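Asks: Let me give you the structure first, and then I'll get to my questions.
The values are calculated or read from the model by the stated rules, or taken from the named source; none is laboratory data. As the structure is a computational prediction, the values presented were derived from the model and not from experiment. Glycine also receives a Cβ, built like all others from the backbone with ideal geometry; neighbour counts cover every protein chain displayed. Quick note on the areas: whole protein, heavy atoms, side chains included, nothing else; ligands and nucleic acids left out. Shrake-Rupley method; radii C 1.70, N 1.55, O 1.52, S 1.80 Å.
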Amino acid sequence: MKPLASLIIGISAIISASLIGDGLTDLRTGDRYVTVKGVSEREVGADLALWPIRFVATGDSLSEAQNKARSSRDAIMAFLKLQAIDESTVELQRLDVTDTRANPYQGNSGEQKFIISQTLMVRSTDIDKIRQAAQGVSELVDSGVVLSSDYGPSGPTYLFSGLNRIKPAMIAEATASAREAATQFAKDAKAELGGLRRANQGVFQILARDQAPGVMEEQQPVKTVRVVSTVEYYLR
């Protein structure tokens, strides 16, 4: 029995040593890599402003409401001209006419009233002029124009359409930033940085430059474009 037991123990030891050796081999030859992120940010200016100016006029008759609406429209056009905003950048958009007596949800007071709501859309690439005009919009109220924001923002919307022009350079910056971080990690880990294992470009974000509660990106003429790239490098 003893020779047989010794043989079994010896075979088991050989198998165990073989398994341990295989495990160490996998450890030495297995993939070692580091995942890093690279960030690129740029400050950009809006290149298009959309300013919907919506006003309301009322009257006991349709003709009276129309006359008031015409007067308000003329006042708005005069204001924009005074601000050096070309008439060709303004177009009539939404027009609503409401007869309150035909509204089943309106209290039946026996009085008929017409409400005309109209939107003039200003579309301009001259951002400075639009900003200046928007700051003086109270002059319209002083002249008797009743402004409304029922169907959209109460001020201009500023857009940036040049993202495709700056994408390549920003991707290069984010990738370089990621490689710098990976190189430092490899140095700290007493390793050498190998080739690229995997890369994810990331999503481009257009953010408000001044981020504060209640401040929307569309309201700011100056914005921050940001992209975060995720990159994996082999270590050797």
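Asks: With the requirement that a residue be in a loop (DSSP other than H, G, I, E, B), of a type in the set (A, V, I, L, M) and under 30 Å from Ala133 (Cβ atoms), what does segment 197-236 give you?
Replies: Keep residues of segment 197-236 that are in a loop (DSSP other than H, G, I, E, B), which gives 201-204, 209-216, 220-221, 236.
Among the residues that remain, those that are also of a type in the set (A, V, I, L, M) are: 203, 212, 215-216.
Of everything in segment 197-236, those that are in a loop (DSSP other than H, G, I, E, B), of a type in the set (A, V, I, L, M) and under 30 Å from Ala133 (Cβ atoms) turn out to be Ala212, Val215, Met216.
Asks: Of everything in segment 46-70, what is over 17 Å from Arg94 (Cα atoms), open to solvent by 10 Å² or more (accessible area, probe 1.4 Å) and either of a type in the set (Ser, Thr, Tyr) or assigned to a strand (DSSP E or B) (or both)? Give them in sequence order.
Replies: Across segment 46-70, the qualifying residues are Leu48, Ser61, Ser63.
Asks: Looking at segment 142-166, which of its residues are closer than 20 Å to Arg94 by Cα, among the hydrophobic types (A, V, I, L, M, F, W, C) and outside any strand (DSSP E or B)?
Replies: Val145
Asks: Here are some residues: Ala178, Ala169. Which one is of a type in the set (A, V, I, L, M, F, W, C), over 22 Å from the mean Cα position of the chain (by Cα) and in a helix (DSSP H, G or I)? So that I can check it myself, show each step before the final result.
Replies: Numbers: Ala169 fails: over 22 Å from the mean Cα position of the chain (by Cα).
After ruling out the rest, the residue left standing is Ala178.
Asks: Same structure, new question: Taking segment 128-144 on its own, how many of its residues are exposed (fewer than 13 other Cβ atoms within 10 Å of the Cβ) and under 14 Å from Ala75 (Cα atoms)? Before you say what the answer is, go through the steps one by one.
Replies: Quick first cut of segment 128-144, residues exposed (fewer than 13 other Cβ atoms within 10 Å of the Cβ) only: 128, 135-136, 138, 141-142, 144.
Right, trim to under 14 Å from Ala75 (Cα atoms) and you get 136, 138, 141-142, 144.
Result for segment 128-144: 5.
Asks: From the set of residues in segment 167-226 that are among the polar types (S, T, N, Q) and open to solvent by 50 Å² or more (accessible area, probe 1.4 Å), which is modelled with the lowest pLDDT?
Replies: Gln211
Asks: Let me ask something additional. For a quick check of your reading of the model, give me the residue pairs whose first member lies in segment 70-84 and is under 21 Å from Ile115 (Cα atoms), whose second is of a type in the set (Gly, Ala, Ser), with beta-carbon atoms closer than 6 Å and at least 6 apart or on different chains.
Replies: Partner pairs satisfying both residue conditions: Ser72/Ala57; Ala75/Ser143.
Asks: Now a separate question. Being acidic (Asp, Glu) and over 14 Å from Glu139 (Cα atoms), is that true of even one residue in segment 65-82?
Replies: In the first step, residues of segment 65-82 are kept if they are acidic (Asp, Glu); the result is 74.
So of that shortlist, the ones also over 14 Å from Glu139 (Cα atoms) come out as none.
There is no residue in segment 65-82 that is acidic (Asp, Glu) and over 14 Å from Glu139 (Cα atoms).
Asks: If you don't mind, there's one more thing I want to ask. Only one of (1) within 23 Å of Phe114 (Cα to Cα); (2) open to solvent by 50 Å² or more (accessible area, probe 1.4 Å); (3) of a type outside the set (D, E, K, R); (4) touching a Lys or Arg at 6+ places or on another chain (Cβ under 9 Å) fails for Tyr33. Which number is that?
Replies: Every listed condition holds for Tyr33 apart from (1).
Asks: State which residue pairs qualify: first residue free of Cβ contacts under 8 Å to residues at least 40 places away in the same chain and of a type in the set (A, V, I, L, M) and inside segment 198-209, second residue open to solvent by 70 Å² or more (accessible area, probe 1.4 Å) and outside any strand (DSSP E or B) in any location, beta carbons under 7 Å apart, and separation of 6 or more residues or different chains.
Replies: Pairs found: Ala208/Met216.
Asks: Filter segment 71-87 for residues that are of a type in the set (A, V, I, L, M, F, W, C) and part of a loop (DSSP other than H, G, I, E, B) and give the result. Write out each step before concluding.
Replies: Going residue by residue through segment 71-87, those that are of a type in the set (A, V, I, L, M, F, W, C) are 75-80, 82, 84-85.
Residues satisfying the conditions are Ala84, Ile85.
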